[in-house]
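Novice: Attaching a single structure in structure tokens format; questions to follow.
The values are calculated or read from the model by the stated rules, or taken from the named source; none is laboratory data. The structure displayed is predicted, hence computed values, not measured ones. Cβ: placed from backbone, ideal geometry, glycine included. Neighbour counts: every protein chain shown. In case anyone asks, the SASA skips ligands and DNA or RNA and just uses the protein heavy atoms, side chains included. Shrake-Rupley method; radii C 1.70, N 1.55, O 1.52, S 1.80 Å.
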Amino acid sequence: MTQEANDGTMQPSIMHKFRASVAQPILHSILHTELSQAVYTAEHVESLGTKLGVEISSRLASEPGWDRYKFITNIVVSQPGPGARMSSSCVWDSNSDCVVRESFVSPNIRCTASVFAIYCY
């Protein structure tokens, strides 16, 4: 843990603030690595979603300075086909909390990952 984690601060310092610009490439990399050869099957979709969620959360939690953030990861895996819309929202502290999303679409599978980064005071 950083010194910030022990000093009772109510906001992350600018150096430790969650940044979507850092998280987005992590989500992109994981989705493309794990799904580029994947084919949608109903039997494996639950385990695939869990695997992606755990990997994304672990990678984000290992980023320097983000040790006071908790990550809520939502993974939606579906069959390719006609479009679908997804929306989510959260009431939070807009100075320290953030959401980042990434989608992967191929002829064989579709996936959207949403990560809510919540700063723990």
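Novice: Name the single residue, out of those in the stretch 103-121 being more than 20 Å from Glu46 (Cβ to Cβ) and not β-branched (Val, Ile, Thr), that is modelled with the lowest pLDDT.
Specialist: Tyr121
Novice: Report every pair of residues separated by at least 6 positions or lying on different chains whose Cβ atoms are under 9 Å apart, first residue within the stretch 37-50 and touching a residue at least 12 places away in the same chain (Cβ under 8 Å), second outside any loop (DSSP other than H, G, I, E, B) and of a type in the set (S, T, N, Q).
Specialist: Tyr40/Ser78; Val45/Ser78
Novice: Based on what the data block shows, is Leu52 modelled with pLDDT of 95 or more and either of a type in the set (S, T, N, Q) or touching an Asp or Glu at 6+ places or on another chain (Cβ under 8 Å) (or both)? Steps first, answer last, please.
Specialist: Values: modelled with pLDDT of 95 or more: yes; either of a type in the set (S, T, N, Q) or touching an Asp or Glu at 6+ places or on another chain (Cβ under 8 Å) (or both): yes.
In short, yes.
Novice: Select from the stretch 77-97 the residues that are within 15 Å of the chain's Cα centre (by Cα) and open to solvent by less than 60 Å² (accessible area, probe 1.4 Å) and write down the one among them that is nearest to Tyr121 (Cα to Cα).
Specialist: Among those residues, the one meeting the criterion is Asp97.
Novice: Still on this structure: Restricting to the stretch 14-42, name every residue that is of a type outside the set (A, V, I, L, M, F, W, C) and farther than 13 Å from Val77 by Cα.
Specialist: As a first pass, look at the stretch 14-42 and keep what is of a type outside the set (A, V, I, L, M, F, W, C): 16-17, 19, 21, 24-25, 28-29, 32-34, 36-37, 40-41.
Correct list: His16, Lys17, Arg19, Ser21, Gln24, Pro25, His28, Ser29, His32, Thr33, Ser36, Gln37.
Novice: Going through the stretch 8-63 one residue at a time, which ones are aliphatic (A, V, I, L, M) and farther than 20 Å from Val99 by Cβ?
Specialist: Those that are aliphatic (A, V, I, L, M) and farther than 20 Å from Val99 by Cβ: Met10, Met15, Leu35, Ala38, Val39, Ala42, Val45, Leu48.
Novice: Next question, about the same structure. Would you check which residues across the stretch 106-121 are under 11 Å from Val39 (Cα atoms) and loosely packed, with under 14 Cβ neighbours inside 10 Å and list them?
Specialist: Across the stretch 106-121, the qualifying residue is only Pro107.
Novice: Here's a follow-up. Within the group Val22, Val100, Val76, which residue is free of Cβ contacts under 8 Å to residues at least 60 places away in the same chain, of a type outside the set (Gly, Ala, Ser) and part of a strand (DSSP E or B)?
Specialist: Numbers: Val22 fails: part of a strand (DSSP E or B); Val100 fails: free of Cβ contacts under 8 Å to residues at least 60 places away in the same chain.
Matching residue, one of Val22, Val100, Val76: Val76.
Novice: Starting from residues that are of a type in the set (Val, Ile, Thr) and either open to solvent by less than 50 Å² (accessible area, probe 1.4 Å) or in contact with a helix residue (DSSP H, G or I) (Cβ under 9 Å, 6 or more places away or on another chain) (or both), keep the ones in the stretch 1-32 and report whichever is modelled with the lowest pLDDT.
Specialist: Thr2
Novice: When only residues in the stretch 33-46 that are open to solvent by 70 Å² or more (accessible area, probe 1.4 Å) and part of a helix (DSSP H, G or I) count, which is nearest to Gln11 (Cα to Cα)?
Specialist: Among residues in the stretch 33-46 that are open to solvent by 70 Å² or more (accessible area, probe 1.4 Å) and part of a helix (DSSP H, G or I), the one nearest to Gln11 (Cα to Cα) is Thr33.
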